Amino acid sequence: MAEPIDSVLIVFNPGSTGDAGAHARALRDELAAARSELPVELRPTEYAGHARDIAREVASGPGRPLIVSASGDGGYNEVVNGIVDVPGTGAAAAVLAAGNANDHERVTARRPLAEAILDGRTERMDLLELHRGDGPPRYAHSYIGFGLTPVVALEIEEGGKGTLREVLTTVRSFWAFTPFEIEFSAGERRRIDNLVFANIGEMAKVAELSEDSRPDDGRFEVVLLEHRPKWKQVAIAVRAALRGLGRQPATSEFRFTTCAPMPVQIDGEVDDVAAGTEVRVRCAAGALRVVR
């Protein structure tokens, strides 16, 4: 077991729709009341990507700080990548749910965050490591999705979040979606509706991707859905929401090449991948120290 944390930094977006500032202040006050000698600092972000810069700065310093992201999955992704930017750091990470989906916190939390922080002990968690061509890797704490997953996410960002709006946007995106093609190392090409690499067993609040996924087993689940008629896609989506997709194949590495430009969703944030890009997803086993 690693040495216990010796300070806490809570990073939050003051413009968050999930009232991250209020959640951050409540956690600070709870920790102060229970353990006044533990240094706790609040740090608001000022621009996109600032949480990563803050996490990198703190992780580069001395001691064993805990960097808490009061956010959803996207904000936590920034903090995770900022910590991983510093090899050999003593910093640990945690997420305080203050976003829309909060998949990671919902699936992995074992107890209230304040209780876990006061306990002070940390443990190791795997990350998903995404390589696109020769560029630097990008890390994900929960999932990486290609195909329908990022298309729906883009539409939701443009159309607005909220239960009814999200449902309508999802239905519209689903019916307009066309499959994409990827190529494997042997030259085999396949048309895909959705390809998700999962470090946790659930996403998008309700969909159960795999019944036995764990974020600390040195593997990730691969949910690969080849192209099929719309009605079959609907049946799969309903099954994922109501009963789950059951056990999915797991691996420590997966490779393919894109045949056309396509979006990718990384822990809730959407990016682009150019045509002809060699994509490699690997499990970075035990890459992150966490409190949960």
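The values are calculated or read from the model by the stated rules, or taken from the named source; none is laboratory data. Predicted model only: the values in this text are computed from it and were never measured. Because the Cβ atoms are built from the backbone with ideal geometry, glycine has one as well, and the counts that use them run over all protein chains shown.
Counting only residues that are in contact (Cβ under 8 Å) with a residue 12 or more places away in the chain, among the charged types (D, E, K, R) and assigned to a helix (DSSP H, G or I), which one in the stretch 6-32 is surrounded by the fewest Cβ atoms within 10 Å (Cβ to Cβ)?
Pass one, the stretch 6-32, residues in contact (Cβ under 8 Å) with a residue 12 or more places away in the chain: 6-14, 16-21, 23-25, 27-28, 30-31.
Cutting the leftovers down to among the charged types (D, E, K, R) gives us 6, 19, 25, 28, 30.
Now narrow it down to the ones that are assigned to a helix (DSSP H, G or I): 25, 28, 30.
On the way: 25: 15, 28: 18, 30: 17.
So, considering only residues that are in contact (Cβ under 8 Å) with a residue 12 or more places away in the chain, among the charged types (D, E, K, R) and assigned to a helix (DSSP H, G or I), the one surrounded by the fewest Cβ atoms within 10 Å (Cβ to Cβ) is 25.
The rows are residues; the columns are (1) outside the structural domain of residue 198 (by TED's automatic domain parsing); (2) within 30 Å of residue 113 (Cα to Cα); (3) in contact with a Phe, Trp or Tyr (Cβ under 7 Å, 6 or more places away or on another chain).
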site: 249; (1), (2), (3): no, no, no
site: 252; (1), (2), (3): no, yes, no
site: 257; (1), (2), (3): no, no, no
site: 260; (1), (2), (3): no, no, yes
site: 263; (1), (2), (3): no, no, no
site: 273; (1), (2), (3): no, no, no
site: 276; (1), (2), (3): no, no, no
site: 279; (1), (2), (3): no, no, yes
site: 283; (1), (2), (3): no, yes, yes
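State the number of residues belonging to the stretch 46-105 that are of a type in the set (Asp, Glu), under 19 Å from residue 143 (Cβ atoms) and at pLDDT 95 or above. The qualifying residues number 1.
Does the stretch 33-41 contain at least one residue that is out of contact with any Phe, Trp or Tyr (no Cβ under 6 Å at 6 or more places or on another chain) and in a strand (DSSP E or B)? Full working, then the answer.
Step one: filter the stretch 33-41 for residues out of contact with any Phe, Trp or Tyr (no Cβ under 6 Å at 6 or more places or on another chain), giving 33-41.
Filter once more, so that each one left must be in a strand (DSSP E or B): 40-41.
Yes: one or more hits.
For the stretch 46-53, the criterion of being under 20 Å from residue 31 (Cα atoms), touching a residue at least 24 places away in the same chain (Cβ under 8 Å) and not polar (S, T, N, Q) is satisfied by no residue at all. In the set (1) touching a residue at least 60 places away in the same chain (Cβ under 8 Å); (2) within 25 Å of residue 270 (Cα to Cα), the condition left unmet by residue 86 is number (1). Report yes if some residue within the stretch 201-220 is within 15 Å of the chain's Cα centre (by Cα) and modelled with pLDDT of 90 or more; otherwise report no. Checking the stretch 201-220: at least one residue is within 15 Å of the chain's Cα centre (by Cα) and modelled with pLDDT of 90 or more.
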